Amino acid sequence: MENRPYNFSAGPGVLPLSVLETAKSEMTNWHGSGMSVMEMSHRGKEFLEIFNDAKSRLISLLNIPDTHEVLFMQGGATAQFASVPLNLLGDKKSADYAVTGNFSGLSAKEAKKYGEINIVADLKSENYNRIPRSDELNISENAAYFHYCANNTIYGTAWDYIPETKSVLVCDMSSEMLSKPIDVSKYGLIYAGAQKNMAPAGLTIVIIDKSLLGHEMPITPQVMSYKKMAEKDSMLNTPPCWCIYMLGLVLKWVEENGGVSAMEKLKRERSSIVYKALDESKIFTAPVEKSSRSDMNVRFYTGNDDLDKKFIDGAKMRGLLSVKGHRLTGGMRASLYNAMPIEGAIKLAEYIKEFEVEENA
Ligand SMILES: *Cc1c(COP(=O)(O)O)cnc(C)c1O
């Protein structure tokens, strides 16, 4: 496929072509087993090999210490919005939430069903165009945990620091996991829906400090209990087998391409190509404050809906797909996940410049 378009979708996002080709070649007969991965018993030896391979690759790529357990769960990041308070509120009854956009707002709203939630910051009045500084966080003394969203997929912002908290640090890393190294030891819990930067939709990765297991509320559904899932090595019920297989292929691809440090270098390179074109432009605006800019999701607009639409339609004709912004923000958004080739960012930057010349002509 020489002329594969560049897909800037925010999620489900682009996957490496070589991974898709491998999946295709193994589709009907995985490694001579005579079965597709979709047809295997999740307790059979073939699938257990796939499962253990994906899990150990994730542990080694992210350097996950023995203090932490990896869980493969379902229900997306959205199920975690409930699982987190159900499992972690414990006796404390309250938790801190930083609201920096849509998903962190939704996570706080869901958590309110289960306990007292302190909103430690909410920059809605600034259209979520930046991340709060550490001195703007009203951190409580007695919270069970502090929840934040590392990369705000819709607003195109990202935390450039790890907040210092008195309580357990919990982070939604859905749209940035595998894009850079993480100091896992700093976190009590990390979760990420796989469909942004890792695998197809249907799998959620949870990394939890083992010392936090076992404090769930009695009403916690067993599929949402981290303790139950850890005891059963994520096989309490049928796991999302195909997604775990795909994750394994993607992790192998990340390894072959230099690991998460190399991914971080590449993401900086991609995003700076696009931001540079936007910063030099007279008709496009990138509204996010520079220190809060996301490398994964680049948000921009012209300020004129018709012109934005013209840009989006023209992009599609050039094979630059899904650059339309989220309905909450309008304008454009280019998601630059791991599997986006550098050439995709270059092509987008070229189009930004050419569009401007055409419109000014
Ligand atoms: C997409 C996304 C979610 C929601 O994920 P689902 O898997 O659809 O539930 C939550 N948080 C972030 C940061 C996201 O990008």
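The values are calculated or read from the model by the stated rules, or taken from the named source; none is laboratory data. In this text, all values refer to a predicted model and were calculated from it rather than measured experimentally. FYI the Cβ positions are ideal-geometry reconstructions off the backbone, even for glycines, and counts take in every protein chain you see.
Odds and ends about this structure:
- Members of segment 157-174 that are within 11 Å of the ligand (Cβ to nearest atom), in a loop (DSSP other than H, G, I, E, B) and of a type in the set (A, V, I, L, M): Met173
- Hits in segment 175-189 - residues which are out of contact with any Pro (no Cβ under 8 Å at 6 or more places or on another chain) and away from the ligand (no atom under 12 Å from the Cβ): Leu178, Ser179, Lys180, Pro181, Ile182, Asp183, Lys186, Tyr187, Gly188, Leu189
- Enumeration of residues in segment 123-156 that are more than 12 Å from the ligand (Cβ to nearest atom), assigned to a loop (DSSP other than H, G, I, E, B) and farther than 16 Å from Tyr97 by Cβ: Asn127, Asn129, Arg130, Arg133
For every residue, the table says whether it meets (1) under 24 Å from Cys241 (Cβ atoms); (2) among the aliphatic types (A, V, I, L, M); (3) touching a Ser or Thr at 6+ places or on another chain (Cβ under 6 Å); (4) at pLDDT 95 or above.
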site: Ser56; (1), (2), (3), (4): yes, no, no, yes
site: Ile59; (1), (2), (3), (4): yes, yes, no, yes
site: Thr67; (1), (2), (3), (4): no, no, no, yes
site: Met73; (1), (2), (3), (4): yes, yes, yes, yes
site: Phe81; (1), (2), (3), (4): no, no, yes, yes
site: Val84; (1), (2), (3), (4): no, yes, no, yes
site: Ala95; (1), (2), (3), (4): no, yes, no, yes
site: Val99; (1), (2), (3), (4): no, yes, no, yes
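- Of all residues in segment 230-253, those satisfying the criterion of being in a helix (DSSP H, G or I) and not aromatic (Phe, Trp, Tyr) are Ala230, Glu231, Cys241, Cys243, Ile244, Met246, Leu247, Gly248, Leu249, Val250, Leu251, Lys252.
Residues checked against (1) among the aliphatic types (A, V, I, L, M); (2) under 17 Å from Cys171 (Cα atoms); (3) within 20 Å of the chain's Cα centre (by Cα); (4) surrounded by 24 or more Cβ atoms within 10 Å (Cβ to Cβ):
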| residue | (1), (2), (3), (4) |
| --- | --- |
| Leu58 | yes, no, yes, no |
| Asp66 | no, no, no, no |
| Ala79 | yes, yes, yes, no |
| Thr100 | no, yes, yes, yes |
| Ser104 | no, yes, yes, yes |
| Ser107 | no, yes, yes, yes |
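- Residue in segment 94-113 that is within 16 Å of the ligand (Cβ to nearest atom), assigned to a loop (DSSP other than H, G, I, E, B) and in contact (Cβ under 8 Å) with a residue 24 or more places away in the chain present: yes
- So Arg57, is it within 27 Å of Ser322 (Cα to Cα), basic (Lys, Arg) and touching a helix residue (DSSP H, G or I) at 6+ places or on another chain (Cβ under 7 Å): no
- Segment 74-93: number of residues that are within 16 Å of the ligand (Cβ to nearest atom) and under 20 Å from Ala150 (Cα atoms): 11
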